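A.B. asks: What follows is a structure written as C-alpha cells; I'll ask about it next.
The values are calculated or read from the model by the stated rules, or taken from the named source; none is laboratory data. Computed from a predicted model, the values in this text were never measured in an experiment. Neighbour counts are summed over all protein chains in view; Cβ atoms, including those assigned to glycine, are modelled from backbone coordinates with ideal geometry. With ligands, DNA and RNA removed, areas are computed over all heavy atoms of the protein, side chains included. Shrake-Rupley method; radii C 1.70, N 1.55, O 1.52, S 1.80 Å.
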Amino acid sequence: AYERRFPTCPLIPMFVASDTVNEYKSEDEAIHVIERRCKLDIDAPRLLKKIAGVDYVYFVQKNSLNRRERTLHIEAYNETFSNRVIINEHCCYTVHPDNEDWTCFEQSASLDIKSFFGFESTVEKIAMKQYTSNIKKGKEIIEYYLKQLEEEGITFVPRWTPPVACKLESSTSHTRRPVSPAINIPDSATKEGLNNKEILNTSSSPSEPTAGTPDDKLDADYIKRYLGDLTPMQESCLIRLRQWLQETHKGKIPKDEHILRFLRARDFNIDKAREILCQSLTWRKQHQVDYILDTWNPPQVLQDYYAGGWHHHDKDGRPLYVLRLGQMDTKGLVRALGEEALLRYVLSINEEGLRRCEENTKVFGRPISSWTCLVDLEGLNMRHLWRPGVKALLRIIEVVEANYPETLGRLLILRAPRVFPVLWTLVSPFIDDNTRKKFLIYAGNDYQGPGGLLDYIDKEIIPDFLGGECMCEVPEGGLVPKSLYRTAEELENEDIKLWTETIYQSASVFKGAPHEVLIQIVDASSVITWDFDVCKGDIVFNIFHSKRAPQPPKKDSLGAHSITSPGGNNVQLIDKVWQLGRDYSMVESPLICKEGESVQGSHVTRWPGFYILQWKFHSMPACATTNLPRVDDVLASLQVSSHKCKVMYYTEVIGSEDFRGSMTSLESSHSGFSQLSAATTSSSQSHSSSMISR
C-alpha cells in the first residue's frame, strides 16, 4: 500500500514527482531497497522562493523492506540547501510482537537550520507546518491505498519463506553467512564529506554496477554520462575543488561540468583553477550574468545586423554556432551600439551555448561540454581591421577566455582571404594555447575537399551559403545605416550604464585603513542584511552600534603612499578618538573571511541609532614573546600596496514587519536583497547571527 504513492501521489499535492535512483533486490527476495529522488513544491511565500532561487526542493528517500524480519524502514533527507538546512526523517512499519494482526508505526524527524539568508525563523515555521500536515495525512493516505487494494481483491499477502535452494545452501555450508550485499546508497557519510565513489570502494563489488545521476556524485556511471573520461588524479582534483567551494560558498555551487572546465583550462592545477574560478564567480555575480538571457533584450540593431546564430549540431553532438564575420559591419555595430553592448551580446551567446550543451548531453546520452563555431570570412577586408573594432574584439576575447574556458570544442574558419593573416597576428596572442589548437583554417574552397566540413558536419545541415542544402536562418548582416550611429559621448554614457547596473559596490581595504558603511536605524528590530565577496586578501568583518552619528565620511586617499583605488573606494567613519565600549559597541562577533569567500547574513537590530559595517584588513597577530618588529610589519611600512584587500558588497535594511512578520506580509514585501540572492550562482556563506534571531 505504501509503494502505491509513487512516482507521485494525488493525495499529496506538494509531491510533484519522483525518480528511482537505485534499486536492489536480494537473491532470496527477502530484501528490497529502493532509493528515490523526490521533487516537492513546498507551500512557501513567493518572496522566500525568489530569495532562495528555487521553485522546488528535492529530498532523497530510501525505503528498505525486509520480508524476513517483516519491517519497512523509510529514511529521508533533504538534498536542496543541505549545507544550510539539515532535515532527517525516519519512519518504521513493524509487526506487533504480541499480536501479528497489528501493524506498529513509528516516526521521528530532526530539523537543524544553520542559516537561510536571514529567514531562519520563517523556514522553521514552514517546515513545522508541512511536517505536521504530513503526519495528519499519513494515516489517511495509507488507509486510502489499503482500501484500493481490497477493492482489487488483494486482502492477504503470504508470509515470506526462504526458497528451497537457499535452505539447501544454508544446510550444506556454514562458512557463507546469508547477508545482504552492500548497497550504493548515500547515507550520513555523504554529509560528512565522503563522496559516493569512496563509499563504493568500501561497500560495493565491481560486479554490481549501479545507476548514477548528477546528484550521485562521482559514481562511475555519472562520470561516464555527464563528465567524460577522468583519471583518478583528475577526479580527485574535482572532488577537492568542489569541497572547497562547498565550504566557502555555502548553498548552491557551480555544477561539476562547470568546475571541470576551469580545471582543464589550468591542466588540473587546483590552485590556479580555484583562483580563476573564484574571479569568474564574482564577475558573474556582480554583473548578474546568470540572468542575462532572461533579463536583457538585445537591441534591434544587433538582431538585424549581427550575422551570427545557432544552427543544429556537429557530428559529435556539439551545438553549432555560425558566424558570418565577413558579412558583418563591425565598425557600424561599434559606432551604433558601443563596445559594451557587443560584449553583453556575446556573453548572452555563450550563456545560450552552456544551456544547449546541457540539453545535448541529455539528448545524446553522453557528456557534451563545448560547442563548435563555424566562422565564414567571405567578404573580410581592411574595413574589419578598423582599430576600435579590433579593440572591441580583443576585449571580448579576453572576457570570454577568462569566464568560459574549455567551451570551444572546435573552430572552423572558412574562406580565409589574404587579409586574414593580419587579423590573426593581432588576435592570436590573446588566445589561450589550448584554444588555438582547436582552430582549423581553410582558404578559398578548401573546406569542400578532403578533411573539410564533411568530416565535422553532416551533409544535411551544411548551410546553403556554403553550398549545402540546409537553409540557415542566421542574419545576413550588411552595412549598418549611419543614421543609427551615436556620438562618442552617448556611447560612453551607455557603456557606463550597462556595466554599472548592479546593486553591488566595490571597496578597497588597506592595513590600518578599513572600509566602513554607515546605516541609520530608526525602528528597533529592523533587519540589516548584507552580501559581500572577498575579491582579494583576507578581511575581518565587524558590526558596531553607536548612539551618536560619526563625523561625515572621509575618503582616505593614502596619498603618503601614492596608492589609488580603481574601481573601489575607502571610507572611514569611526573617529580615532572614539573608544570601544564608551562611544560605540560591537554587536556581532568578528568574522574572519578568506580570499574568495562569499558571505551573506543579517542582524536584527536591538536599538535605534547608527550601525557601522566594517571590513578590516586581517593580519596574523604579532608574536607575544618578543618586542622585535616582525618581518611583515617592516615590509608593510615599506610597501603598503602589498597589504590591500578588495571587497564587493551590498547592504539593505528591511523592516521587521517584512522580515519576521506573517506569511502574508512576507509575500507582499519587495526587497532588492531577494533579487540579489536569486541572481547569484556563486552562492554564499551565510553568517546570520544576532541574539534575537537565535
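A.B. asks: How many residues are under 17 Å from residue 452 (Cβ atoms) and open to solvent by 40 Å² or more (accessible area, probe 1.4 Å) when one looks only at the stretch 424-441?
C.D. replies: Qualifying residue count, the stretch 424-441: 3.
A.B. asks: Would you call residue 515 farther than 21 Å from residue 646 by Cβ, modelled with pLDDT of 90 or more and not β-branched (Val, Ile, Thr)?
C.D. replies: no
A.B. asks: Still on this structure: Any idea which of (1) exposed (fewer than 13 other Cβ atoms within 10 Å of the Cβ); (2) of a type in the set (A, V, I, L, M, F, W, C); (3) touching a strand residue (DSSP E or B) at 6+ places or on another chain (Cβ under 8 Å) is the one residue 156 doesn't satisfy?
C.D. replies: If we test residue 156 against (1) exposed (fewer than 13 other Cβ atoms within 10 Å of the Cβ); (2) of a type in the set (A, V, I, L, M, F, W, C); (3) touching a strand residue (DSSP E or B) at 6+ places or on another chain (Cβ under 8 Å), just (3) comes out false.
A.B. asks: List every residue pair whose Cβ atoms lie under 6 Å apart, where the two residues are 6 or more positions apart in sequence or sit on different chains, the first residue falls within the stretch 570-591 and is β-branched (Val, Ile, Thr), and the second residue, located anywhere, is not in a strand (DSSP E or B).
C.D. replies: Filtered contacts from the stretch 570-591: 571/553.
A.B. asks: Among the candidates 421, 417, which residue alone is open to solvent by 20 Å² or more (accessible area, probe 1.4 Å), closer than 18 Å to residue 452 by Cα and over 28 Å from the mean Cα position of the chain (by Cα)?
C.D. replies: None of the others qualify; the one that does is 417.
A.B. asks: If you go through the stretch 20-47 one residue at a time, how many are open to solvent by 80 Å² or more (accessible area, probe 1.4 Å), under 19 Å from residue 81 (Cα atoms) and not in a loop (DSSP other than H, G, I, E, B)?
C.D. replies: 1
A.B. asks: Can you tell me which residue among 135, 113, 87, 142 is among the aliphatic types (A, V, I, L, M) and within 22 Å of residue 22 (Cα to Cα)?
C.D. replies: Testing whether each residue is among the aliphatic types (A, V, I, L, M) and within 22 Å of residue 22 (Cα to Cα) leaves just 87.
A.B. asks: Something else: Kindly provide the set of residues from the stretch 284-314 that are open to solvent by 60 Å² or more (accessible area, probe 1.4 Å) and out of contact with any helix residue (DSSP H, G or I) (no Cβ under 7 Å at 6 or more places or on another chain), ordered by number.
C.D. replies: Hits for the stretch 284-314 are 294, 295, 297, 300, 303, 304.
A.B. asks: Right, next: Select from the stretch 98-128 the residues that are open to solvent by 60 Å² or more (accessible area, probe 1.4 Å) and more than 22 Å from residue 79 (Cβ to Cβ) and list them in ascending order.
C.D. replies: 98, 100, 101, 102, 103, 105, 106
A.B. asks: Sort out which residues of the stretch 448-507 are over 30 Å from residue 534 (Cβ atoms), modelled with pLDDT under 80 and charged (D, E, K, R), and write them in order of number.
C.D. replies: Listed by number, the residues that qualify are 489, 490, 492, 494.
A.B. asks: A further question follows. Only one of 271, 294, 267 is of a type in the set (D, E, K, R) and on the phi > 0 side of the Ramachandran plot. Can you tell me which? Outline the logic, then answer.
C.D. replies: Numbers: 271 fails: on the phi > 0 side of the Ramachandran plot; 294 fails: on the phi > 0 side of the Ramachandran plot.
After ruling out the rest, the residue left standing is 267.
A.B. asks: Another one. Quick check, is residue 276 closer than 14 Å to residue 596 by Cα, touching a residue at least 40 places away in the same chain (Cβ under 8 Å) and either in contact with a Cys (Cβ under 9 Å, 6 or more places away or on another chain) or open to solvent by less than 50 Å² (accessible area, probe 1.4 Å) (or both)? First the steps, then the outcome.
C.D. replies: Details: closer than 14 Å to residue 596 by Cα: yes; touching a residue at least 40 places away in the same chain (Cβ under 8 Å): yes; either in contact with a Cys (Cβ under 9 Å, 6 or more places away or on another chain) or open to solvent by less than 50 Å² (accessible area, probe 1.4 Å) (or both): yes.
In short, yes.
For every residue, the table says whether it meets (1) modelled with pLDDT under 80; (2) polar (S, T, N, Q); (3) under 18 Å from residue 574 (Cβ atoms); (4) in a strand (DSSP E or B).
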residue: 585; (1), (2), (3), (4): no, yes, yes, yes
residue: 602; (1), (2), (3), (4): no, yes, no, yes
residue: 606; (1), (2), (3), (4): no, no, no, no
residue: 611; (1), (2), (3), (4): no, no, yes, yes
residue: 626; (1), (2), (3), (4): yes, yes, no, no
residue: 636; (1), (2), (3), (4): yes, no, no, no
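A.B. asks: Right, another one. For the stretch 269-315, which residues satisfy the criterion of being in a helix (DSSP H, G or I) and of a type in the set (Ser, Thr, Tyr)?
C.D. replies: The first filter runs over the stretch 269-315 and keeps only residues in a helix (DSSP H, G or I), leaving 270-286, 289-295, 300-305.
Of everything in the stretch 269-315, those that are in a helix (DSSP H, G or I) and of a type in the set (Ser, Thr, Tyr) turn out to be 280, 282, 291, 295, 305.
A.B. asks: Right, something else. For the stretch 539-555, check the following and say yes or no: at least one residue is open to solvent by 60 Å² or more (accessible area, probe 1.4 Å), part of a strand (DSSP E or B) and either at pLDDT 90 or above or not aromatic (Phe, Trp, Tyr) (or both).
C.D. replies: Yes: the stretch 539-555 contains one or more residues that are open to solvent by 60 Å² or more (accessible area, probe 1.4 Å), part of a strand (DSSP E or B) and either at pLDDT 90 or above or not aromatic (Phe, Trp, Tyr) (or both).
A.B. asks: I'm checking my understanding of the structure. Among residues of the stretch 129-147 that are in contact (Cβ under 8 Å) with a residue 12 or more places away in the chain and either touching a Gly at 6+ places or on another chain (Cβ under 8 Å) or farther than 22 Å from residue 71 by Cα (or both), which one is least open to solvent (accessible area, probe 1.4 Å)?
C.D. replies: 130
A.B. asks: Could I ask something else about it? Among 511, 459, 536, 437, which is under 36 Å from the mean Cα position of the chain (by Cα), basic (Lys, Arg) and in the same structural domain as residue 306 (by the TED database)?
C.D. replies: On the way: 511 fails: in the same structural domain as residue 306 (by the TED database); 459 fails: under 36 Å from the mean Cα position of the chain (by Cα); 536 fails: in the same structural domain as residue 306 (by the TED database).
One residue alone meets the criteria, 437.
A.B. asks: Take the stretch 353-391 and flag every residue that is surrounded by fewer than 13 Cβ atoms within 10 Å (Cβ to Cβ) and touching a residue at least 60 places away in the same chain (Cβ under 8 Å).
C.D. replies: Hits for the stretch 353-391 are 355, 365.
A.B. asks: Select from the stretch 72-81 the residues that are at pLDDT below 90 and surrounded by fewer than 18 Cβ atoms within 10 Å (Cβ to Cβ) and list them in ascending order.
C.D. replies: 79
A.B. asks: A further question follows. Among 248, 231, 210, which is at pLDDT 75 or above and in contact with a strand residue (DSSP E or B) (Cβ under 7 Å, 6 or more places away or on another chain)? Don't jump to the end; show me each part of the working.
C.D. replies: Values: 231 fails: in contact with a strand residue (DSSP E or B) (Cβ under 7 Å, 6 or more places away or on another chain); 210 fails: at pLDDT 75 or above.
After applying the criteria, what remains is 248.
A.B. asks: Being of a type in the set (Gly, Ala, Ser) and surrounded by 20 or more Cβ atoms within 10 Å (Cβ to Cβ) is the filter here; which residues of the stretch 322-352 pass it? Break it down into steps so the answer makes sense when it comes.
C.D. replies: Keep residues of the stretch 322-352 that are of a type in the set (Gly, Ala, Ser), which gives 326, 332, 336, 338, 341, 348.
Hits for the stretch 322-352 are 326, 332, 336, 338, 341.
A.B. asks: Within the stretch 401-423, track down each residue that is among the hydrophobic types (A, V, I, L, M, F, W, C) and farther than 12 Å from residue 375 by Cβ.
C.D. replies: Answer for the stretch 401-423, where residues must be among the hydrophobic types (A, V, I, L, M, F, W, C) and farther than 12 Å from residue 375 by Cβ: 402, 419, 422.
For (1) more than 16 Å from residue 399 (Cβ to Cβ); (2) over 20 Å from the mean Cα position of the chain (by Cα); (3) of a type in the set (Phe, Trp, Tyr); (4) at pLDDT below 95, each residue gets a yes or a no:
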site	(1), (2), (3), (4)
318	yes, yes, no, yes
333	yes, yes, no, yes
343	no, yes, no, yes
347	no, no, no, yes
361	yes, no, no, yes
366	yes, yes, no, yes
369	yes, no, no, yes
386	yes, yes, yes, yes
